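So the structure is just underneath, and the comments pick up after that.
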Amino acid sequence: MAAKKTRLEVLRYLLANKHFDNQDEILKDLQSQGFKVAQPTLSRDLHALKVSKVFNDEGQSFYTLPNMSNTNELAFRKSKTRIVQNYGFLKATVSANLLVIKTLHGYASSLAAEIDNYTIPEIIGSVAGDDTILLILKEKCNLSSVEDLLTKIIPHFTLE
């Protein structure tokens, strides 16, 4: 268990300080740090750390940790935010306390992670698939308030 904890700490450090396009690059860096890791183990580790694959301004994908804090990570977040704002969002529909957001294929998890990074009190939680995000809203919340907050994240956001 100590080896896993150490591996996860090293993986966190690597993801916070380097731009990885694919899991093979991450595996090579982990191996260069002395960890003998197979791809399925790496996938489980990335899932355990809640790592997301996001897009930069050039449309290239990379892996990122949630709740980034150092300047290198903030630059990645700003880049990711712009690409999500410009390309991912398609439409949003609300039904009772459920808000469904449709995105381009492959953008839902990145956009959901961005929404989760903003603490929006009216949103209880989110579930993301490939091209759909389900936001669970507090009952009887102010929809115009939710729309205003989501517009800060997604400038072209509108409810149908």
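The values are calculated or read from the model by the stated rules, or taken from the named source; none is laboratory data. Predicted model only: the values in this text are computed from it and were never measured. So basically every Cβ, Gly included, is an ideal-geometry build from the backbone, and we count neighbours across all protein chains shown.
Would you say Ser43 is at pLDDT below 85 and out of contact with any Cys (no Cβ under 7 Å at 6 or more places or on another chain)? Break it down stepwise before answering.
On the way: at pLDDT below 85: no; out of contact with any Cys (no Cβ under 7 Å at 6 or more places or on another chain): yes.
When the stated conditions are applied, Ser43 does not pass them.
Could you grab me the full set of residues in segment 134-148 that are more than 15 Å from Phe89 (Cα to Cα) and crowded, with 17+ Cβ neighbours inside 10 Å?
In the first step, residues of segment 134-148 are kept if they are more than 15 Å from Phe89 (Cα to Cα); the result is 136-146, 148.
Answer for segment 134-148, where residues must be more than 15 Å from Phe89 (Cα to Cα) and crowded, with 17+ Cβ neighbours inside 10 Å: Leu137, Val146.
What are the residues in segment 24-55 that are outside any loop (DSSP other than H, G, I, E, B) and either touching a Leu at 6+ places or on another chain (Cβ under 6 Å) or of a type in the set (A, V, I, L, M, F, W, C) (or both), if any?
So in segment 24-55, the residues outside any loop (DSSP other than H, G, I, E, B) come out as 24-32, 39-48, 52-55.
Result: Ile26, Leu27, Asp29, Leu30, Leu42, Asp45, Leu46, Ala48, Val54, Phe55.
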